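Enquirer: There's a structure below that I have some questions on.
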Amino acid sequence: MKTIYLLNGPNLNLLGKRQPEIYGHETLADVERDCTALAQGLGLGLVAFQSNHEGAIIDKIHEARDRAAAIVINPGAFTHTSIAILDALNAFDGAVIEVHISNVHKREEFRHHSYVSLRAEGVIAGLGTEGYKAAVRRIAQLVA
Ligand code: DHK
């Protein structure tokens with residue numbers, strides 16, 4: 001069975017508690033549960049991981065090289081700063097979809113640039129936590 005790695009970066013462990021007017025009321029556990037069920041229904045496995053540490057996210061992307069067909073990633077603020085995460089994704093051969101819960105283009109200018117977008121097959125922003133599920137559905141098409 002093909003596997004999706006669902007990776008979330010800094011502060012996304014606080015989903016549902018942090019700035020709900022921007023990030024909504026669903027928790028990360030809710031998102032991971034729903035995406036796991038959706039992936040299973042599409043005949044895919046899903047491994048979920050969140051870290052507040054750049055290196056830990058990079059290590060997980062390296063692990064995905066041997067274990068995953070695709071990565072769905074919300075790198076949080078590392079989106080806008082991390083060439084190292086971009087380099088790790090460039091060393092991964094499968095499909096990559098970048099997700100942002102909020103519409104980053106409607107927010108501060110420093111959120112408008114993404115290093116990860118240089119690698120991602122698709123970018124989803126502003127759909128709330130639904131964006132993660134849209135990404136899983138798209139991955140199912142890409143890896144079919
Ligand atoms: C999440 C964050 O934590 C921010 O740093 C990004 C992103 C936007 C989101 O919308 O999911 O700028």
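Enquirer: Nearest 0.05, what FRET efficiency do HIS112 and GLN40 give at R0 = 30 Å with Cβ-Cβ as r?
Expert: 0.25
Enquirer: Follow-up question, since we're still on this one. Just name one of ILE61, ASN8, GLY24: the one whose Cα is farthest towards the positive end of the charge dipole of the chain (beta-carbon charges, Lys/Arg +1, Asp/Glu -1).
Expert: Highest projection toward the positive end goes to GLY24.
Enquirer: Could you grab the relative contact order for the chain? Cα pairs under 8 Å, six or more apart, rounded to a whole percent.
Expert: 28 percent
Enquirer: Percent of accessible area on the stretch 10-56 owned by carbon and sulfur, 1.4 Å probe? Walk me through the numbers on the way to the answer.
Expert: Details: 1310 of 2470 Å².
Solvent-exposed carbon and sulfur of the stretch 10-56 make up 53 percent of the total.
Enquirer: From the helices alone, meaning DSSP H stretches of at least four residues, give me the mean residue ellipticity at 222 nm for the chain, per-run term -39500 (n - 2.57), in deg cm²/dmol to the nearest 500.
Expert: -11500 deg cm²/dmol
Enquirer: Give me the net charge of ALA77's neighbourhood, meaning all other residues with Cβ under 15 Å from the Cβ of ALA77; Lys, Arg count +1, Asp, Glu -1.
Expert: Around ALA77, the charge tally is -1.
Enquirer: Around LEU46, which amide H atoms from residues at least 5 apart in sequence, or from another chain, sit under 5 Å from its own amide H, with H modelled in the peptide plane?
Expert: The answer is ILE4.
Enquirer: OK, next. What is the magnitude of the charge dipole of the stretch 78-144 about its Cα centre, with +1 placed on the Cβ of each Lys and Arg, -1 on the Cβ of each Asp and Glu, and no other charges, expressed in debye to the nearest 20?
Expert: So the dipole magnitude of the stretch 78-144 works out to roughly 240 debye.
Enquirer: Then there is this: Could you tell me whether the stretch 1-138 comes out rounded, prolate or oblate from its Cα gyration tensor? Rule is a ≥ b ≥ c as square roots of the eigenvalues, rounded for a/c under 1.5, then prolate if a/b exceeds b/c, otherwise oblate.
Expert: oblate
Enquirer: Mind putting a number on the dipole of the chain about its Cα centre? Charges go on the C-beta only, +1 for Lys and Arg and -1 for Asp and Glu, and I need it in Debye to the nearest 20.
Expert: Magnitude of the dipole: close to 200 debye.
Enquirer: Please work out how much length the chain gains when fully extended from ALA134 to ASP66, using 0.36 nm per residue of separation minus the C-alpha to C-alpha distance, in nm with one decimal.
Expert: Working it through step by step, the gained length comes to 22.0 nm.
Enquirer: Where does the longest stretch of the chain lie that holds no trypsin sites (Lys or Arg not before Pro) found in a DSSP loop with 12 or fewer other Cβ atoms within 10 Å?
Expert: The longest uninterrupted stretch comes out as 19-144.
Enquirer: Shifting gears a bit: Taking a cut-off of 26 Å between Cα atoms, list the lysines near LYS106, but don't count ones fewer than 8 places away on the same chain.
Expert: List returned: LYS17, LYS133.
Enquirer: Now for a different question. Scan around ASN103 for amide H atoms under 5 Å from its own, H built in the peptide plane at 1.01 Å from N, and keep only partners 5 or more places away or cross-chain.
Expert: GLY126
The values are calculated or read from the model by the stated rules, or taken from the named source; none is laboratory data. Remember, predicted model here, so these are calculated numbers, not experimental data. So basically every Cβ, Gly included, is an ideal-geometry build from the backbone, and we count neighbours across all protein chains shown. Heavy atoms of the whole protein, side chains included, go into the accessibility calculation; ligands, DNA and RNA do not. Shrake-Rupley method; radii C 1.70, N 1.55, O 1.52, S 1.80 Å.
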